[in-house]
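See structure below.
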Amino acid sequence: MQHQTERLIHQLSQLLGQIGPLKLACSGGVDSLTLALLAHRSLGDQALICHAVSPAVPTEATARVQGLALRHGWRLQRLDAGEFADPNYLNNPYDRCFHCKSNLYAALERIAAEGGDATLVSGTNRDDLDDYRPGLIAARRFRVRHPYVECGIGKAEVRRIAAHLGQAELAELPASPCLASRVQTGLPIRAEHLGFVHQVERALTEALRPRVVRCRIFNDAISIQLDPESLQRLDAAKEHWRAQVQGLAAPLQLPGPVRFDPYRMGSAFVAEGESAP
């Protein structure tokens, strides 16, 4: 397994060297951060690590990017991609991710124009191709390259690469899609609602240390979703947490009661032509 991981690192490093000067969209997750480590190692200052800061990005992700950038001497560019000024994004249609990524890549392209020719690069991995990801349509339009995909690397391999690079904590980092994914498709995206989602998830994370936690906003309820073990541990304190969440939700006039459910990946997404749950 170690030999295979070393081979993948060599393959990625060669590809990044061939790509040359690049702008890497870095969300703060394991995929983009691991790629940033390799890009900097292969290209030095020719790799510009770009991190968009917005209400949809957890503050922990930004802190993680800044910490690694400082430790490893990356060229880091923080930016506002401008999606919160785009009605197409704020209306939260089924292809919201297309509008989000279109804003992001347009912002990165503007940075690239200021610094000379550079290739836009993302941390998309092979497994991402199995899901409905309208953001990949935006990536094609902006000619974004996906080194993991080009090397046939999936999520498990990315985690092994991170561990091999001495980033054990990064290798174990749970998946955490943007906070806008917690809002049911068709309900408007509002910065204050995403702040509420983040506050609830942080509080539950500190109290329970769950394997997974999501605070989802539906048209008729707020759903706190946890892995089965954490949901069981929460049982005796459900009413306490219900009151806490309702207290935070009340000033925002969020809909419906607070309920506690088993985690279901992507359950706030409503595909085109489907009805809301």
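Summary of computed values
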{"item": "Residues satisfying the stated conditions in the range 201-230, i.e. under 18 Å from G266 (Cα atoms) and part of a helix (DSSP H, G or I)", "result": "E201, P228"}
{"item": "Test: G247 is surrounded by fewer than 15 Cβ atoms within 10 Å (Cβ to Cβ) and in contact with a helix residue (DSSP H, G or I) (Cβ under 8 Å, 6 or more places away or on another chain)", "result": "no"}
{"item": "Any chance L234 is touching a helix residue (DSSP H, G or I) at 6+ places or on another chain (Cβ under 8 Å), in a loop (DSSP other than H, G, I, E, B) and modelled with pLDDT under 95", "result": "no"}
{"item": "Any hit, the range 66-88, residues being among the polar types (S, T, N, Q) and touching a residue at least 60 places away in the same chain (Cβ under 8 Å)", "result": "no"}
{"item": "Given (1) in a helix (DSSP H, G or I); (2) closer than 24 Å to E192 by Cβ; (3) in contact with a His (Cβ under 8 Å, 6 or more places away or on another chain); (4) not hydroxyl-bearing (S, T, Y), index of the condition G28 fails", "result": "(1)"}
{"item": "Lone qualifier among A180, A191, A203 - being touching a Pro at 6+ places or on another chain (Cβ under 6 Å), farther than 18 Å from H3 by Cα and not acidic (D, E)", "result": "A191"}
{"item": "Lone qualifier among S223, S230 - being of a type in the set (G, A, S), over 27 Å from G20 (Cβ atoms) and touching an Asp or Glu at 6+ places or on another chain (Cβ under 8 Å)", "result": "S223"}
{"item": "Residue match in the range 188-204 (condition: touching a Lys or Arg at 6+ places or on another chain (Cβ under 9 Å), among the charged types (D, E, K, R), outside the structural domain of L16 (by TED's automatic domain parsing) and crowded, with 19+ Cβ neighbours inside 10 Å)", "result": "yes"}
{"item": "Qualifying residues in the range 33-89 (those that are over 24 Å from E172 (Cβ atoms) and acidic (D, E)) - the one modelled with the lowest pLDDT", "result": "D45"}
{"item": "Unique match (being in contact with a Phe, Trp or Tyr (Cβ under 9 Å, 6 or more places away or on another chain) and in contact (Cβ under 8 Å) with a residue 60 or more places away in the chain) among G116, G123, G135, G154", "result": "G123"}
{"item": "Test: residue in the range 207-216 that is in the same structural domain as N125 (by TED's automatic domain parsing) and at positive phi", "result": "no"}
{"item": "Options R209, R143: the member that is in contact with a Leu (Cβ under 8 Å, 6 or more places away or on another chain) and of a type in the set (K, R)", "result": "R143"}
{"item": "Qualifying residue in the range 179-199 (condition: under 30 Å from L8 (Cβ atoms), small (G, A, S) and at pLDDT below 95)", "result": "no"}
{"item": "Lone qualifier among V200, V212 - being touching a Cys at 6+ places or on another chain (Cβ under 7 Å) and not aromatic (F, W, Y)", "result": "V200"}
{"item": "Strands (runs of 3 or more DSSP E) wholly inside the range 46-156 containing at least 1 residues that are surrounded by fewer than 20 Cβ atoms within 10 Å (Cβ to Cβ) and among the aliphatic types (A, V, I, L, M)", "result": "75-79"}
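Let's see how each residue does on (1) under 26 Å from G186 (Cα atoms); (2) surrounded by 15 or more Cβ atoms within 10 Å (Cβ to Cβ):
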{"residue": "R211", "(1), (2)": "no, no"}
{"residue": "N219", "(1), (2)": "yes, no"}
{"residue": "S223", "(1), (2)": "yes, yes"}
{"residue": "E229", "(1), (2)": "no, no"}
{"residue": "L234", "(1), (2)": "no, yes"}
{"residue": "A237", "(1), (2)": "no, no"}
{"residue": "L254", "(1), (2)": "yes, yes"}
{"residue": "V258", "(1), (2)": "yes, yes"}
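The values are calculated or read from the model by the stated rules, or taken from the named source; none is laboratory data. The structure displayed is predicted, hence computed values, not measured ones. Note: ideal-geometry Cβ built from the backbone for every residue, glycine included; neighbour counts use all protein chains shown.
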